[in-house]
1. When you look at A:Ala25, is it part of a helix (DSSP H, G or I) and either charged (D, E, K, R) or crowded, with 20+ Cβ neighbours inside 10 Å (or both), yes or no?
2. Only one residue in A:Phe106, A:Phe95 is under 22 Å from A:Asp482 (Cα atoms) and of a type outside the set (Ser, Thr, Tyr). Which one?
3. Pick out, from the stretch A:88-168, the helices (runs of 4 or more DSSP H) lying fully within it that include 1 or more residues that are within 14 Å of chain B (Cβ to nearest Cβ).
4. State which residue is surrounded by the fewest Cβ atoms within 10 Å (Cβ to Cβ) when the search covers only the stretch B:253-302 and only residues that are within 23 Å of B:Asn330 (Cβ to Cβ), under 18 Å from the mean Cα position of the chain (by Cα) and of a type in the set (Ser, Thr, Tyr).
5. For the stretch B:116-138, state whether one or more residues are of a type in the set (D, E, K, R), buried (at least 16 other Cβ atoms within 10 Å of the Cβ), assigned to a loop (DSSP other than H, G, I, E, B) and in the same structural domain as B:Val265 (by TED's automatic domain parsing).
6. Take the stretch B:305-343 and flag every residue that is among the basic types (Lys, Arg) and surrounded by 20 or more Cβ atoms within 10 Å (Cβ to Cβ).
7. Within the stretch A:176-194, does at least one residue satisfy the condition of being closer than 19 Å to B:Ala68 by Cβ, among the charged types (D, E, K, R) and part of a helix (DSSP H, G or I)?
8. As an exercise: evaluate A:Leu129 against (1) over 28 Å from A:Ser437 (Cβ atoms); (2) touching a residue at least 40 places away in the same chain (Cβ under 8 Å) and give the number of the one condition it does not meet.
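The values are calculated or read from the model by the stated rules, or taken from the named source; none is laboratory data. Computed from a predicted model, the values in this text were never measured in an experiment. Heads up, the Cβs are rebuilt from the backbone with ideal geometry, glycines too, and the neighbour counts pull from every protein chain shown.
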Amino acid sequence: MAAVATPRSAIGAGFSALHTGARIASTLILLPVAALAVCVFLPSGGVWPHLLETTLGLYLKDSALLAAGVVLGAAVIGGGGAWLCTVCDFPGRRFLEWALILPLAFPAYIIAYTYTGMLDYGGWLHQRLGAQALPSIRSMGGGIAVLSLVLYPYLYLLVRATLLQQSASLVEAARTLGFGAWRTFAQLMLPVARPAIAAGAAIVAMETLSDYATVKHFGIQTFSVGVLRTWFGLDSLVGAAQLSTLLLFFTAGLVACERLARRRAGYYNAGQREALGAVYPLRGARAWAATAACALPVTLGFALPAAQLAAWAWPARGAVFSGDYRELIANTLLLGAGAALATAAVAVLLAYARRRRPRDRLGWLHRAATFGYAAPGVVVAVGVMLVCTTLEKAAGAGAALAGIASPGLFLSGTLFILYFAYTTRFLTLGFNSVETSLLKVSRNMDYAAATLRASGGETLRAIHLPMIRTGLLTAMLLVFVDVIKELPATLVLRPFDFNTLAVRAYEMASNEQLPGIALPSLTIVAAGLLPLTLLARRIARRPARTLMRR
Amino acid sequence: MTSRQPHYHTALAAFALCCVLAPGPGGAEVNIYSARQEPLIKPLLDRFSKRRGVKVRLVTGKADALLARLKLEGRDSPADLLITTDAGRLYRAKEAGLLQAVESETLNANIAPRYRDPQNHWFGLSLRARAILAVAGKADTAAPARYESLADPVWRGRICIRSSDNIYNQSLVASMMHANGADATLAWAKGLVANFARPPAGGDRDQILAAAGGLCDIAVANTYYLAMMLQSGNAAQREAAKKIRVVWPNQRDRGVHINISGAGVTRAAKHREDAVALLEYLAGADAQRWYAEANNEYPVLDGIAPGAVLQAWGEFKADDINLELLGRLNRDAVELTNRAGWR
């Protein structure tokens, strides 16, 4: 114990700028969510008795059903896909290996609109199959299907990364023992991948619970719908905030479960190993079945809706070259890139502070700061506005005391407030990815650096950042792709005359002009494809080789 | 090793650039928070901008989110004008002290008192009628002549209507509560729910498509959706719309339920004069004609004819309650739909 204690105290000492910075950042990011939680103590104007009597049970039931269904669906598609593409070999594997993440480029509500467009009166599927032959997609089943198709890539990415890090000798040993692919999967890989599955499931559950547009379109009554109905319909922002807080507590429970699952799996990178890759070559019918199983989610979650959107967009294709449209694209990229940088920076700050002082009493702050992911975007946006306008008013009061001109609204209506909102909302994506990569860096590195009297900043720059580069890039790409799809916070917080692709798609959709959403939606998907391709290349690389090269 | 490190300073500089690129404020201008989508308001704003030589800046979004922004920004808010697509939200904005009274002879002359706030905090700028739409050959001969009849058991499993989350339905319920009282309206809503062909999903256009596709015989929707479908570039939409007949309900009593799109000058307005001028422009003949022709809404200004499609559906008697009532009764209406199990 003593041998461990000495380097740890050496590491924890000094470098308090890091911890101060981390505390300020996590407090700021926690504030919008905390502002919601404070509403628990405010009177809600009699909303609760009414909700209890009428719709609360429905919100609970639909939320639980939807979240469970989507997590299950995403786990089967994402986990199964990761297993097949990493450990087995079959025709088309090299293509499907990266194609499986493509549905991530689609905003869920766009897939929902596209499918209803195909299945509703006048859609080509409706014309081919007739109204009676089709199950109604506007249902719980439809919602589960659509959200699973869009969200499974999170699980796929995480499970695949975990599988790739396993030593090939592990599977070789199983083979020597005469285990078939299924048995290796069930008895060896499932337990190994459990933390990744849990982490992915938490992300999928949070995305599902915070979704509004898709469930609204399908008539599913989740908590998000209830939150906004309470706010918009019953005119009770306080009641809505209280409902959101309930949702956040539920999420906190999920996160705690995920933590517990991960705690048991604290393995660090033990050094060089042989990469794991395609050890079960499948043949004949089994091989083609594997191809079909991986091709199906890519087709339904990407190719088919993309083709339908392209068909709708074709007559209006010329608009892409107009100045107006170029501005939409530039604005969208500006938001995505800025938010990716900001979120990654905060994620590194928090994750690194946590690593330097694992037993910090205020460590829960960093964890709590990632809860914004589970609240509906528009509710987070209100929290962010509340924090910013309070700061602005305080600054105004300070200026009045000092006898100088009030700075006015120096945050509201600027891009800063948007980046603030995105960081609040998507920090968990960046944080998880950075923290997981940091965990894999052996602590001996820190100890060695401490022995060489390197400061925390030097250690971070010279050792950790280069080693977690892949995780950092993953964090930025995931945030980028999510931000360019994000709608509700963007809509209400943006500056005057500042339109993005998602805003344009929304305006077309709320005008109920389905074909009008096609062009901006396709452009969002296209903008997400480049980072996703980068991501796919990164994850295809065998980590062992990367280590060896260095 | 050093050369392989990512360029963190570059990243920092890039982020700083991202923040700075925000567009800054200009000179003479009117700033608008609008719940009306850009394509449905921008052409008019551009015309006004050209005429008066004033820059018009726009943020669109969901009405309640924009209200929250306006409220939190307080007296520093840059917004001069709030535009919504229903009377309820304007009432809410007024109650929250976010709007100010405007005394304008033009507005008073052009807009009937029932379509504006009694204290002139907000003004209706276009009218939308919520009609009963019947599938030709299936329901039009016996179509319900009143909203009240939608709850009759003959229509069991034959009606499509969107969620009661939607403000148009909430306003319809509010108007019925005003006309028939809360108890009778609750009983009616329960009967209506029992008659649903499917749980509510999608928007007004989706209900019309569902009716045309044979899922139900009656849809309840605002008429401009049907008009848009009739003028659509998509053949299937036109074909679907042609199967539908418009039935004007309650012609022997209070009339068709009407809502407005409207606007009010904010209390925080820094460009009040230009904002009032914009309001007057929107209530004037030029803009009213555009509403009628491009948007298929009914103009508030007397003497402007509705578009050709709307004229084909004939004239109708409109409910003449003061629309402020819709705002007053909105919360009660939502609670009533919750009790009735209308999702």
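1. Working: part of a helix (DSSP H, G or I): yes; either charged (D, E, K, R) or crowded, with 20+ Cβ neighbours inside 10 Å (or both): yes.
So A:Ala25 passes the test.
2. On the way: A:Phe95 fails: under 22 Å from A:Asp482 (Cα atoms).
Only one candidate qualifies: A:Phe106.
3. Working: elements: A:93-99, A:108-119, A:124-129, A:140-165.
Passing ranges, in order: A:108-119, A:124-129, A:140-165.
4. Checked the stretch B:253-302; the qualifying residue surrounded by the fewest Cβ atoms within 10 Å (Cβ to Cβ) is B:Tyr298.
5. Taking the stretch B:116-138 as the starting set, the residues that turn out to be of a type in the set (D, E, K, R) are B:116-117, B:128, B:130, B:138.
Next, from what is left, pick out any that are buried (at least 16 other Cβ atoms within 10 Å of the Cβ): B:116-117, B:128, B:130, B:138.
With the extra rule that they be assigned to a loop (DSSP other than H, G, I, E, B), the set shrinks to B:117, B:138.
Adding the requirement that they be in the same structural domain as B:Val265 (by TED's automatic domain parsing) leaves B:117.
Within the stretch B:116-138, one or more residues are of a type in the set (D, E, K, R), buried (at least 16 other Cβ atoms within 10 Å of the Cβ), assigned to a loop (DSSP other than H, G, I, E, B) and in the same structural domain as B:Val265 (by TED's automatic domain parsing).
6. In the first step, residues of the stretch B:305-343 are kept if they are among the basic types (Lys, Arg); the result is B:317, B:328, B:331, B:339, B:343.
Within the stretch B:305-343, B:Arg331, B:Arg343 meet the criteria.
7. Of all residues in the stretch A:176-194, those closer than 19 Å to B:Ala68 by Cβ come to none.
No, every residue in the stretch A:176-194 fails to be closer than 19 Å to B:Ala68 by Cβ, among the charged types (D, E, K, R) and part of a helix (DSSP H, G or I).
8. (2)
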